[in-house]
Structure formats: C-alpha cells, structure tokens
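For reference, the structure is listed below as structure tokens.
The values are calculated or read from the model by the stated rules, or taken from the named source; none is laboratory data. Predicted model, so just to flag it, every value in this text is computed and none were measured. In this analysis, Cβ positions are derived from the backbone assuming ideal geometry, glycine residues included, and neighbour counts consider all displayed protein chains. In case anyone asks, the SASA skips ligands and DNA or RNA and just uses the protein heavy atoms, side chains included. Shrake-Rupley method; radii C 1.70, N 1.55, O 1.52, S 1.80 Å.
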Amino acid sequence: MQDVSDKPAGDAAGGETPRARSASPSRRAVVLAVLLAGCAIAYILILARFDVSSAPAETEFGAPARDARVRLYVQPIEVDPVNDSVQMRISVTPDPALASATAATADHDFLIKIRRGKQIEHVQIGAGQPLPEVTFEFDLEDGNVRDYPLDRYGSAMTLAASERTPDGAEAPLPIRVTVWEGLLGYTVKAQQAAAQTAGDLQLQFAIRRTGAVSFFGIAIYGAIVVMALCALVIGSLVFIGTRRIEVTLAGALGAVIFALPALRGALPGIPPLGVRADILIFFWAEIGAIIAFCLFVAAWARRGPPP
C-alpha cells in the first residue's frame, strides 16, 4: 500500500512550491527597485552637495573702472599642494579707452608692488614699454594635502601701484584687478580683504578641488572598499566551507590585489601615498584582498579535489 504524504508535491520533492517560486522573484524585484531608487536619490544629493555644475568666472576688485590708473589681471596657473604653493600670473592690461595702437604699451611710468608672504616683488614699468606679465609663487595656507579629495587651501596677495611725483615722493595709484577664478581641477574664489596700508589691495583666495574631482575621488575610494569587501566575503565563505571551492575564483581574487593600486593610481591629481583616505581605506583594503586570497588558497589546499 502506498503512503500518502500531507506535504505539497513541491515540498515532498525537496523544492519550492509554485507560490514560493513565483513570489520570490517579485520580492527581489521590489528590493532591487528600492535599492536603485535610493542610489538615484543619493546620487542627486551628492551632485547638489558638490555643485559640479558651477563654472569659473571673472571677478573684479579695487577702484571703479573710470578711476583706475592701473589695471591688472590675475590668473592662477598651477596648484602644488605637496609643496604648499600656487603659481599666479599677473598681467598689466591696457586701458580699454586707449587706441589699439598704444594699448599694448604703458602711457606713464609707474611701479607695481606685489606682496607674497614676507616678500615684496617690484615690477617697474616705463612709459612706452610693453605691458609686462609676471609669474610668482604664493604660499598655500590653512590646508593640507592629507585631506584629499576634500582638501581646501587659502592664499593671500597684496597689490599696490605708485608713481613718482616731481618732488621725488611716491604717490599711490588707484588700481583695478580682475581675477579669473578657474583652474584645471580646482575652484578658486577671490575675496577682497582689508589692507593695512592705504592704496593697497589685499586679496584672499579660497582654493579647493572642483566638485567633480572630489566626487570622483570619493567614488574611487568607495569602489576600493566594495572590491575589498567582496574579496573578503569570497575568501571567508570558502574558507569556512559555506561555499564550494571554484579554482577560477583564485584568479579573480589575485586580480583584485593588483586592481586596487591601479584604481588608486586613477585618482585625479594623484596625491602622495599616505593621505588620510589611504590610511582609512586603501591600506586596509589592499591587506584585506591579500588575506582573502590566502584564505581561499588555504581552503583549496586543505579540501581541494585530489588529482
């Protein structure tokens, strides 16, 4: 006589019931949709936080255009956070009201003083001479490259112009300065500060990585974390016997070890090794990938199939 089981046919065969099989994919689809929606919202919030759509612009400081006797154009050229310096190009620009034939030369003798830190640079311009263009390095303050990719810096510049009067004294000249607030990989914001001497124009520069650079740097370090965690999960589950040994995974784990330094090398404006993000993320991720590979090899050596 044949025994009759009270369990459904699916349970008796050791499998899922039709209802369970149909419900499981739908639940996974809902979870997937929620995760994707959360990622999209997080992405939009991050874009708004880093302001990746901002564009550089020109900002003007100093005397009004009608009163300015000297016009200067300041443009940042290069930021060297390792050596705490920023290069600035300072150009003497002509008066727009002058004729084009005489616009490229000075119409009077005057002296430009540029203070950078404790040094004062003098640029002498004579009447009839071509308008000069000089480049100087200024110190970066209130910042450290160890904070990459969220490092911020400050710098200061004091500009002044004067001419010699008939009695031999120096008379200050009103100046107007135009600052270009753009630099590859950086955002530069200039602001006028109170000068210690009358006639001087002191500018404070706030320098930081662009939103795109900061966002991409965080994304790269996030990818390093994900890859290291995946490697550790694979190595640990195989080591404790929860998952079977698949030799092809050894190549994947070995590739992760070499892929992490390549990802780190893809960072924009590659910082020196040892920034805080390296200590908090990259170093332990590389060690974790090596440990995962060792765990997998140990499990293969102990439980792997014989030849």
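Below is a table of values for the structure above.
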{"quantity": "Single residue of Arg49, Arg66, Arg115, Arg71 found to be in a helix (DSSP H, G or I) and either of a type outside the set (Gly, Ala, Ser) or at positive phi (or both)", "calculated": "Arg49"}
{"quantity": "Out of Ile279, Ile220, sole residue that is open to solvent by less than 20 Å² (accessible area, probe 1.4 Å), over 16 Å from Arg152 (Cα atoms) and without any contact (Cβ under 8 Å) to a residue 60 or more places away in the chain", "calculated": "Ile220"}
{"quantity": "Filter result (open to solvent by 40 Å² or more (accessible area, probe 1.4 Å) and either under 17 Å from Ala160 (Cα atoms) or not charged (D, E, K, R) (or both)) within region 68-94", "calculated": "Arg69, Tyr73, Gln75, Ile77, Val82, Asn83, Gln87, Arg89, Thr93, Pro94"}
{"quantity": "Evaluation of Glu170 against (1) of a type in the set (Asp, Glu); (2) over 21 Å from the mean Cα position of the chain (by Cα); (3) closer than 30 Å to Ala212 by Cβ (one fails), failing number", "calculated": "(3)"}
{"quantity": "Residue within region 77-93 that is farther than 26 Å from Thr197 by Cβ, modelled with pLDDT under 85 and assigned to a loop (DSSP other than H, G, I, E, B) present", "calculated": "no"}
{"quantity": "Index of the failed condition, Leu229 passing every other in (1) touching a residue at least 40 places away in the same chain (Cβ under 8 Å); (2) crowded, with 16+ Cβ neighbours inside 10 Å", "calculated": "(2)"}
{"quantity": "Filter result for the condition that a residue is modelled with pLDDT of 75 or more, out of contact with any strand residue (DSSP E or B) (no Cβ under 7 Å at 6 or more places or on another chain), surrounded by 10 or more Cβ atoms within 10 Å (Cβ to Cβ) and not β-branched (Val, Ile, Thr), over Ala65, Ala42, Ala20", "calculated": "Ala42"}
{"quantity": "Hits in region 176-200 - residues which are open to solvent by 20 Å² or more (accessible area, probe 1.4 Å), part of a strand (DSSP E or B), closer than 19 Å to Asp67 by Cβ and of a type in the set (A, V, I, L, M, F, W, C)", "calculated": "none"}
{"quantity": "Residues of region 123-175 that turn out to be open to solvent by 50 Å² or more (accessible area, probe 1.4 Å), under 17 Å from Ile90 (Cα atoms) and not in a loop (DSSP other than H, G, I, E, B), as a count", "calculated": "6"}
{"quantity": "Residues of region 242-260 satisfying the condition of being of a type outside the set (A, V, I, L, M, F, W, C), in a helix (DSSP H, G or I) and loosely packed, with under 13 Cβ neighbours inside 10 Å", "calculated": "Thr248, Gly251"}
{"quantity": "Evaluation of Leu203 against (1) open to solvent by 30 Å² or more (accessible area, probe 1.4 Å); (2) touching a strand residue (DSSP E or B) at 6+ places or on another chain (Cβ under 7 Å) (one fails), failing number", "calculated": "(1)"}
